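Structure first, commentary second.
The numbers here are math on the coordinates, done by the rules we state, and not lab data. All values reported here derive from a predicted model rather than from experimental measurement. Glycine gets a Cβ as well: all are built from the backbone with ideal geometry, and neighbour counts include every protein chain shown.
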Amino acid sequence: ASAGEAFAHHYLGFRRVWKEMPNLDKVIKDPDNAPVPDDTKIDALYAVAVGLAAKVDKKTAEPILMHYAPRLPDEYHICLVEDVKARWVDKDGKPEIEKTKTWAQWTAKYGHLFAA
């Protein structure tokens, strides 16, 4: 019974976070107007950061990194960027994002967050 109870707790927690998250595809389509989870919803903020990081590619980097990520609290903004750098790598393990125009724009505008 305890395994079922543990699963139920995890599932209910997942559903709660899921309800607090914006639709990630809609975030990419309209990053300036898509909702951002409340600052007190740290689990939803983390889920959004990780979820969006998984969706970054050449087409989505600009709307995610330049428009939506800056609307997140700084620690989740950086979490998203660090996750992108770790996930989107070339065959040598180098971050693909660093080869894009978006990366140059992001570092010029928000690179100071890494030093904070």
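Check whether at least one residue in the range 61-73 is closer than 27 Å to H112 by Cα and of a type in the set (K, R), and report yes or no.
First, the residues of the range 61-73 that are closer than 27 Å to H112 by Cα: 61-73.
Filter again for of a type in the set (K, R), leaving 71.
Yes: the range 61-73 contains one or more residues that are closer than 27 Å to H112 by Cα and of a type in the set (K, R).
Restrict the check to the range 83-94 and report whether at least one residue is closer than 18 Å to D30 by Cα and assigned to a helix (DSSP H, G or I). If you could, list the steps in order and put the result at the bottom.
Just the residues of the range 83-94 that are closer than 18 Å to D30 by Cα, to begin with: none.
Scanning the range 83-94 turns up no residue that is closer than 18 Å to D30 by Cα and assigned to a helix (DSSP H, G or I).
Condition check: free of Cβ contacts under 8 Å to residues at least 60 places away in the same chain, acidic (D, E), more than 21 Å from T100 (Cα to Cα) and not in a helix (DSSP H, G or I). Does D57 satisfy that? Give the derivation first.
Details: free of Cβ contacts under 8 Å to residues at least 60 places away in the same chain: yes; acidic (D, E): yes; more than 21 Å from T100 (Cα to Cα): no; not in a helix (DSSP H, G or I): yes.
Judged against the criteria, D57 is not a match.
Mind checking which residues of the range 44-54 are of a type in the set (V, I, T) and either part of a loop (DSSP other than H, G, I, E, B) or surrounded by fewer than 19 Cβ atoms within 10 Å (Cβ to Cβ) (or both)?
Once the filter is applied, which keeps residues that are of a type in the set (V, I, T) and either part of a loop (DSSP other than H, G, I, E, B) or surrounded by fewer than 19 Cβ atoms within 10 Å (Cβ to Cβ) (or both), the range 44-54 yields only V50.
Checking the conditions here, which among K41, K19 is exposed (fewer than 10 other Cβ atoms within 10 Å of the Cβ) and not β-branched (V, I, T)?
Values: K41 fails: exposed (fewer than 10 other Cβ atoms within 10 Å of the Cβ).
Answer to the selection: K19.
Give me the pairs, please: first residue somewhere in the range 97-113 and in contact (Cβ under 8 Å) with a residue 12 or more places away in the chain, second residue anywhere and polar (S, T, N, Q) and part of a helix (DSSP H, G or I), beta-carbon distance under 9 Å, and either six or more positions apart or on two chains.
Qualifying pairs under 9 Å: E98/T107.
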